[in-house]
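Here's the structure we're looking at; comments come further down.
Throughout, read-outs are computed from the coordinates displayed, never taken from laboratory work. Remember, it's a predicted structure, so these values are computed and weren't measured experimentally. Glycine gets a Cβ as well: all are built from the backbone with ideal geometry, and neighbour counts include every protein chain shown.
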Amino acid sequence: MRKIVLFVVVICFLVAASMAYAGAAFGPKDFPKGKLCCVNDVCVMAKSAEDCAKIGGTVVKSCKECGKEQAAKGGSKETPAK
């Protein structure tokens, strides 16, 4: 009886591991293409640098740079009234 339970546990582990690997290997490959654009402390995806400029934003490499850029320009750190 003990061997049967151990066998079932091992089979369940192998099935779960193979499903996790299949999810990682065959996951989504279509990542959005475009430029990250920072507009008023909000990071958005624009089709091109020209589109980003049209909406009044600047192209950034990472959304983390969006907040830093505004702080360097003297952006406001005030909290909105509740």
- Proximal charge balance of Val10 [Cβ under 14 Å; K/R count +1, D/E count -1]: +2
- Note on the structure: Scalar couplings 3J(HN,Hα) for the stretch 42-54 by Karplus 6.51 cos²θ - 1.76 cosθ + 1.60 (θ = phi - 60°), nearest whole Hz, x for Gly and Pro, are 10, 8, 10, 9, 10, 5, 8, 5, 5, 5, 5, 5, 4
- Task: Read phi for every residue in the stretch 11-16 and hand back ³J(HN,Hα) as whole Hz from Karplus 6.51 cos²θ - 1.76 cosθ + 1.60, θ = phi - 60°, with x for Gly and Pro.
- Result: 4, 4, 4, 5, 5, 5
- Search the structure for amide H atoms under 5 Å from the amide H of Ser48, placed 1.01 Å from N in the peptide plane, and list their residues when 5 or more places away or on another chain. Lys35
